[in-house]
Structure formats: structure tokens, C-alpha cells
Amino acid sequence: MKTTVEVDLKWFTMRQNNSGGYFIRNEEVRDTVIIQALSPDDAEARAKTITYGNDSYCQCCGERWDNWFTESDADEVPSLYGVAIEDLDKEAFRYDAVLYYFDGTKRFYKFGVGFVPYDELEDND
Ligand SMILES: [Zn+2]
């Protein structure tokens, strides 16, 4: 029997630490990674898959990713530090974000500009 349930999806944000003095910017990760998920646990599982292979770091700078979430990290809309991404401009350490939607869709967002195709992002590895 088919069962349909309605769930509230939330957004969870990871800010990349530029461990070793550089960011990893490619088709999987940007300086900001935003994940739509069912729960903090679901977001963590997705985050581990996304950052796998994009997680090099040096001991003195600390780990590149903090991919542990709690309910208090959940946002209603894609956000950074609790501010909706469309209200944020580009800054020195904030160029762009990759958004992972619950249904598997992936989109790239350039701060101060909007959603763009991958090849319009800067500093790709
Ligand atoms: Zn270091």
C-alpha cells in the first residue's frame, strides 16, 4: 500500500573553513554549502557524502568542515548565519554557495548576483 506523508523540510548551512589557507571550490563544494533535509541527522548524513573527498585540512588550521547539526541550525529558507542568502552580498571569504535540494537537485548561488550556472562561478578548482 502506498503511503504519502507531508514533511517540513529545513535548510542547514556549512561554512567552509579555509584550512591550509585555501578554499576548495568545485562542482561539489563551495565556500558555503546549504543542504535541504528532513532533520539535523538527515543533513549530517548528506553533508558527509558531499564533503567526502573535499575535506583536506591542516592540523594548525583545524578541520575544513563542521558537519554536525542541531535543530537550532535549521533555517526556513537558504541562509547563512540566519540571514537569507538573497540578502547577503559577496565578501572576501564569501563568493558563492552550492545548494543541495532534498529531491537531488543541485544549484549554484553567487552572493550578490543570484543563481548561476556552474561555469559562471569564480575560482573553480
Ligand atoms: Zn594550517
*Residue under evaluation A92, criteria (1) under 18 Å from D123 (Cβ atoms); (2) of a type in the set (A, V, I, L, M); (3) touching a residue at least 12 places away in the same chain (Cβ under 8 Å), criterion not met*: (3)
*Please work out which residue is nearest to the ligand (Cβ to nearest atom), limiting yourself to segment 17-41 and to residues that are exposed (fewer than 15 other Cβ atoms within 10 Å of the Cβ) and acidic (D, E).*
E27
_Which numbered condition Y101 misses (of (1) among the aromatic types (F, W, Y); (2) under 13 Å from I35 (Cα atoms); (3) without any contact (Cβ under 8 Å) to a residue 24 or more places away in the chain)_ = (3)
*Can you name the residue in segment 32-67 that is within 9 Å of F12 (Cα to Cα) and hydrophobic (A, V, I, L, M, F, W, C) and is also nearest to the chain's Cα centre (by Cα) among such residues?*
V33
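The rows are residues; the columns are (1) of a type in the set (G, A, S); (2) out of contact with any Pro (no Cβ under 8 Å at 6 or more places or on another chain); (3) part of a loop (DSSP other than H, G, I, E, B).
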site	(1), (2), (3)
R25	no, yes, yes
I35	no, yes, no
A45	yes, yes, no
K48	no, yes, no
G53	yes, yes, yes
C58	no, yes, yes
G62	yes, yes, yes
D66	no, yes, yes
F69	no, no, yes
*Given the conditions (1) of a type outside the set (G, A, S); (2) within 16 Å of the ligand (Cβ to nearest atom); (3) at pLDDT 95 or above; (4) surrounded by 16 or more Cβ atoms within 10 Å (Cβ to Cβ), which single one is not true for M14?*
(2)
_Selection count, segment 42-59, where residues are of a type in the set (G, A, S), at negative phi and more than 16 Å from the ligand (Cβ to nearest atom)_ = 3
*asked:* Just to be sure before I move on: is D75 within 16 Å of F12 (Cα to Cα), of a type in the set (D, E) and surrounded by 12 or more Cβ atoms within 10 Å (Cβ to Cβ) in the structure I sent?
replied: yes
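Conditions tested, residue by residue: (1) of a type outside the set (S, T, Y); (2) under 17 Å from Q16 (Cβ atoms).
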{"position": "F69", "(1), (2)": "yes, yes"}
{"position": "S72", "(1), (2)": "no, no"}
{"position": "Y81", "(1), (2)": "no, yes"}
{"position": "A84", "(1), (2)": "yes, no"}
{"position": "D87", "(1), (2)": "yes, no"}
{"position": "D96", "(1), (2)": "yes, yes"}
{"position": "Y101", "(1), (2)": "no, no"}
{"position": "N124", "(1), (2)": "yes, yes"}
*asked:* I'd like to know if segment 64-74 contains one or more residues that are without any contact (Cβ under 8 Å) to a residue 60 or more places away in the chain and either of a type in the set (S, T, Y) or on the phi > 0 side of the Ramachandran plot (or both).
replied: yes
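The values are calculated or read from the model by the stated rules, or taken from the named source; none is laboratory data. None of the values given here were measured: they were computed from a predicted structure. When we count neighbours, we look across all protein chains shown, and the Cβ atoms used for this are built from the backbone with ideal geometry, even at glycine.
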